[in-house]
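Written below as structure tokens is the structure these notes are about.
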Amino acid sequence: MIAVLAGCDQGEQTPNNPPVEQPVAPPAEPPVEPSATEPTVEPPVEPSAEKPQPLGQTMEIDGFMLRANVSRTDDLPDAMAQQYGISADPDLSLLNLVILENQSDQQDATVSAEVSAQYESLTGQLADIEMRTVEADGYVSYIGTLDTSSEHIFKILIKAQPANTDQVLEMEFEVQLDTHDTPYTE
């Protein structure tokens, strides 16, 4: 699937109205420029002792945004796994999907939809992911689990038809489990 964003091919965009100049107070002190002979050193990034974060994909299509992520079920908080009846298993991954309607004048809102998902192995074998609706605090999301015991690289294929529309949204992305069984997406 190829997505084309209107206006992205324009080199420079200009506003419809001329800018209104606002008075700006001069800075209290001039900024300090680093010397060309002094290297700037960034503090080292400490490895996180926390559990791995879910890997996500986001796609905007005709006024909707799909956000999907994949996590190992044994990395989920115990309370969440228990609440949704998901077993903590290193060979089981969770697909979580949220569909948002982009609203220019308001915060984006989750929407109900008919959702189907599959995963495809490198050999081309497709397996369905049974998705179920989760509603909490006024938000709607969709979850499903997939067996990743024998697959380390696979594609996720998602189709969603938001309620009260004829529009079908499609999303596809690759998930790869590294040698440490931590999922990441490309």
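The values are calculated or read from the model by the stated rules, or taken from the named source; none is laboratory data. The structure displayed is predicted, hence computed values, not measured ones. Here the Cβ positions follow ideal geometry from the backbone for every residue, glycine too, while neighbour counts run over all protein chains shown.
How many of the residues making up the range 80-100 are at negative phi and more than 15 Å from the chain's Cα centre (by Cα)? So the count comes out to 13. Where strands (runs of 3 or more DSSP E) fall wholly inside the range 112-165, the ranges with 1 or more residues that are modelled with pLDDT under 90 and among the hydroxyl-bearing types (S, T, Y) are 113-121. Could you check how many residues of the range 128-137 are within 15 Å of K159 (Cβ to Cβ) and among the aliphatic types (A, V, I, L, M)? Final tally of qualifying residues: 2.
Taking the criterion of being acidic (D, E) and without any contact (Cβ under 8 Å) to a residue 60 or more places away in the chain, the residues of the range 55-112 that qualify are E60, D74, D75, D78, D89, D91, D105, D108.
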